[in-house]
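First up is the structure itself, then whatever we jot down about it.
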Amino acid sequence: MNKFWNFTANNDGTRTLYLCGSIAEESWFDDDVTPKAFKAELDAGTGDLIVWINSPGGDCVAAAQIYNMLMDYPHDVTVKIDGIAASAASVIAMAGTTVLMSPVALMMIHNPLTIAIGDTEEMQKAIDMLSEVKESILNAYEIKTGLSRARLSHLMDAETWMNANKAIELGFADDLLFKSEDDAAATENSFAFSRRAVTNSLLSKIERKAKPDRASKTSAGTPITDLDKRLDLIKP
């Protein structure tokens, strides 16, 4: 069993849980050992829990179960993101009674991914499954942020990266982990990076470059109208 977590007891009666690296390098699906081991360690002590997260994500099933366990924990859970909470790790972060992010930390949300093999019927089953997984992830984001499901869905579609201030602004986090005396510029320094927005921006620039002479041909001899069609096909 590859453990991606570690519990430690603190002198003040609290406990600390460290979640580092990939969440469940081996899938929790049909695994009777790993989830029980995590739950046993979680229930082995009492008191408020501090959860440090630095993870690129991983198994959606593992993230869902850890989220549920932390939500059901009878004491306060303070999540502290010191590096990255991406993908499935961002779902776990939503279980925090309070979510704090380092000024240099990042959070990323996106649509769930899978690998499927088979005919069109099997492909459709995979699509339907991913749609349901996305709905379950949206539930966690909606509870924490209060944002509409439509807006959250668009953020996931775009693969959105948020710095600490943007995560706080959108409700994914509650405050900065380390604060300066003057936080007036926090909103000005917030940003969200969208992979899809950047790709579409680049393709739009190429498209505008081709607009002045619609009847002309490219240097390779390809009609502009054909180029437009190809650009539409590759836009995410």
| Hey, ILE81 among the β-branched types (Val, Ile, Thr) and closer than 20 Å to SER22 by Cβ or not | yes
| query | Does at least one position in region 100-119 carry a residue that is acidic (Asp, Glu), in the same structural domain as SER55 (by TED's automatic domain parsing) and in a loop (DSSP other than H, G, I, E, B)? | reply | yes
| Has region 1-17 got any residue that is at pLDDT 95 or above, among the charged types (D, E, K, R) and closer than 28 Å to GLU142 by Cβ? | no
| message | So, restricting to helices (runs of 4 or more DSSP H) that lie completely within region 32-93, which ones have at least 1 residues that are surrounded by fewer than 19 Cβ atoms within 10 Å (Cβ to Cβ) and at pLDDT 95 or above? | response | 34-43, 60-72
| note | Out of (1) surrounded by fewer than 18 Cβ atoms within 10 Å (Cβ to Cβ); (2) under 22 Å from ALA64 (Cβ atoms); (3) not aromatic (Phe, Trp, Tyr), the one LYS179 does not meet is (2)
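The values are calculated or read from the model by the stated rules, or taken from the named source; none is laboratory data. Being a predicted model, the structure only gives us computed values, none of them experimental. Glycine gets a Cβ as well: all are built from the backbone with ideal geometry, and neighbour counts include every protein chain shown.
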